[in-house]
Amino acid sequence: MTGYALRKLLALPVMLLAVSAMIFVCVRLLPGDPARMIAGPEASAEAVARIHHQLGLDQPVGRQYVAFLSKAASGDLGTSIATRRPVAQELAEHAPYTLALGLAAYALAVLIALPGGVLAAAAPGGAWDRLFSGVSILCVSIASFWFGLMAMELFAVRLRWLPLMGAGSPAHLILPAVTLALAPIGLIARMTRASMLEVLAQDYIRTARAKGVGRVAVLLRHALRNALTPIVTIVGLNLGAVIGGAVVTETVFSWPGLGQLLVSAVRDRDYPVVQGVALVAVVSVVLLNLTAELAIAALNPRIRAA
């Protein structure tokens with residue numbers, strides 16, 4: 001297990017370097033000129049060129065990337081073009097909101113999907129199996145922005161049970177978290193059901209039942225434990241999807257997280273903020289996926305032996 005973990009950790013810097021280069025180049029392919037936006041539409045070409053020089057945008061892309069990388073290594077992600085504040089400070093203010101939203105949404109998804117999928121696999125073809133399978137398909141199919149708008153209309157505007165937008169209290173977290181949890185609920189539920197059905201068809205499960213092992217013990221001690229590998233895989237991989245989905249959800253609910261910060265930065269052509277948010281998001285996804293891979297390897301010795 002230690003050797004497997006070391007191999008993964010050694011590959012991490014190369015992956016992060018490649019990702020950072022891709023982000024840096026893609027940001028500069030965005031349409032629009034941040035210097036022109038700062039100077040204004042009536043500014044002269046000389047004024048725009050002066051701002052280009054101040055921002056370092058008149059240098060070759062390779063030199064810009066090396067400068068960005070050397071500063072990022074020390075925690076300096078640059079200064080926001082729009083607010084003139086350090087990007088690291090902007091990220092530190094918005095990241096806790098995205099973290100709280102992501103954790104709440106994913107905890108809700110796992111708490112609903114995992115036991116629901118196990119119960120559906122326990123009685124395939126039954127009423128609960130049909131109901132839960134239909135709900136899980138619906139969760140994957142519904143567009144999150146549409147569900148968010150409908151939830152706001154019903155629970156915030158008509159019934160007035162929950163706040164409409166913002167992040168002033170824990171109640172503000174409910175609608176965004178439920179909206180963001182929809183797709184993971186459907187995916188985790190279907191993977192749990194499929195994995196459990198596959199394990200429950202194995203010979204050792206029939207042997208356990210023949211020996212008189214109780215139904216709950218068969219489901220939890222024998223079946224679920226061996227069905228966890230694909231479930232952990234889908235849980236780990238979907239953490240990245242939750243981070244990506246937070247952009248839409250935060251925009252719909254005016255949740256002051258990294259997603260809303262990214263949308264504002266793209267609109268303002270704020271290169272340093274876009275780079276900072278994208279870099280933090282990608283690094284988070286890479287680290288979460290690495291954690292999931294290590295957890296899968298701990299559960300399945302054949303993977304770490306490969």
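Structure data summary
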quantity: Spans of helices (runs of 4 or more DSSP H) in the range 1-118 with at least 2 residues basic (Lys, Arg) and over 21 Å from residue 277 (Cβ atoms); calculated: 2-28
quantity: Residue 177 being without any contact (Cβ under 8 Å) to a residue 40 or more places away in the chain and surrounded by 17 or more Cβ atoms within 10 Å (Cβ to Cβ); calculated: no
quantity: Residue within the range 114-131 that is within 17 Å of residue 167 (Cα to Cα) and either assigned by TED's automatic domain parsing to the domain that holds residue 172 or in contact with a strand residue (DSSP E or B) (Cβ under 8 Å, 6 or more places away or on another chain) (or both) present; calculated: no
quantity: Those residues of the range 25-84 which are of a type outside the set (Gly, Ala, Ser), touching a Lys or Arg at 6+ places or on another chain (Cβ under 9 Å) and either in the same structural domain as residue 280 (by TED's automatic domain parsing) or modelled with pLDDT of 75 or more (or both), in sequence order; calculated: 48, 51, 61, 64, 77, 79, 81
quantity: Single condition residue 165 does not satisfy, out of (1) surrounded by 12 or more Cβ atoms within 10 Å (Cβ to Cβ); (2) at pLDDT 90 or above; (3) not hydroxyl-bearing (Ser, Thr, Tyr); (4) not in a helix (DSSP H, G or I); calculated: (2)
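The values are calculated or read from the model by the stated rules, or taken from the named source; none is laboratory data. Fair warning: this is a prediction, and the values are worked out from it, not measured in the lab. Counting neighbours? That spans all protein chains shown, and the Cβs are built from the backbone with ideal geometry, glycine included.
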